[in-house]
Amino acid sequence: MSRLVHRLRGNADAPRSPNFFDLSDLHPIGNMRGGLITNKAGRAVLRARHRGRDVKLYEAHSPQHARFIAAVSAALPDLFPEVLELRGAWVMAEWIEGRPPEGAIQERQAEALRRIHALPPEDLPPAGFCYLRDFLLPRYLRAAALAGEASTLDAIAAQTESAGDARIVMHPDLSPDNLLRAADGRLVCIDNELLCTGRLPLLDLCNAMRPLGQDQRNRLAATWFEGAPPAQDQIERTAKAWMMREAGSAFITGRMSNCAKMISASKGELVAKLPFAGTIDRTGP
């Protein structure tokens, strides 16, 4: 916990005390890597008590990103936990107790993603974080360098995002485990540390599908596409980003042969590896 205290104290606008949020019963949730309390993005995540209620305390990518998360949460108050306070990059939000949503989870995922993607980015503060540039590509570049692939972040970003695509609010971590039916009836998305803006809505869909079985993936794809498959260039750019996501994940978990196979795959093979690839033909007219 001493490392955590150091990180808490590292915010210039915070008093030099680990209890600057007026917290008690502070303890970690999520992963423990190298003695540091982390989520997928390498940031600290904790549960605590604050003025008699349970709260979740987590690090955004930056203070700007924390303000963006708070703004998105306020824009969809029934879907996101209430953000109670910000201190630098730290976000304190209400703790949600709940149960898995009833019915087909794929419909709930699609409904939540559509609502998030429909938020106008121009009505929100700058995100201060990009899932593609700040999370996926740096991991991939480390793996690609080991494999002898000489690339720059700007070059590979250009292969995946088109300036012609609309910028949207993205949620790259809307898995079934991150949706709960709260006691008050709300369907709440509980893990929001990767909220950002971007131009690849299908990448959100792939991340939402990743933990599902194939039948569930097919149902989510049918709900999402509603009989109209996406344009081929969007599919190919999403496939490139998905390869980077999977290669980077394999790299940081030590699955080096899987990482090498992903990096060396051809464009056609990349499209075939998309979680919804098997449904594309069936969603057409």
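Figures for the structure shown
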quantity: Selection status of D165, surrounded by fewer than 17 Cβ atoms within 10 Å (Cβ to Cβ) and either in a helix (DSSP H, G or I) or modelled with pLDDT of 90 or more (or both); calculated: no
quantity: Sole exception among (1) under 27 Å from R181 (Cβ atoms); (2) of a type outside the set (D, E, K, R); (3) in a helix (DSSP H, G or I) for G103, by number; calculated: (3)
quantity: Number of positions in region 42-101 that are closer than 20 Å to F129 by Cα and either among the basic types (K, R) or free of Cβ contacts under 8 Å to residues at least 24 places away in the same chain (or both); calculated: 8
quantity: Number of the condition not met by P77 [criteria: (1) surrounded by fewer than 16 Cβ atoms within 10 Å (Cβ to Cβ); (2) assigned by TED's automatic domain parsing to the domain that holds P126]; calculated: (2)
quantity: Positions within region 194-206 being surrounded by fewer than 22 Cβ atoms within 10 Å (Cβ to Cβ) and touching an Asp or Glu at 6+ places or on another chain (Cβ under 8 Å), in sequence order; calculated: R199
quantity: Qualifying residue in region 232-252 (condition: part of a loop (DSSP other than H, G, I, E, B) and either outside the structural domain of A44 (by TED's automatic domain parsing) or out of contact with any Pro (no Cβ under 8 Å at 6 or more places or on another chain) (or both)); calculated: no
quantity: Restricting region 108-130 to residues that are assigned to a helix (DSSP H, G or I) and touching a Ser or Thr at 6+ places or on another chain (Cβ under 7 Å), the residue that is farthest from D78 (Cα to Cα); calculated: P121
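The values are calculated or read from the model by the stated rules, or taken from the named source; none is laboratory data. In this text the structure is predicted, and so the values were computed from the model without any measurement. Every residue, glycine as well, gets a Cβ built from its backbone with ideal geometry; the counts of neighbours run over all protein chains shown.
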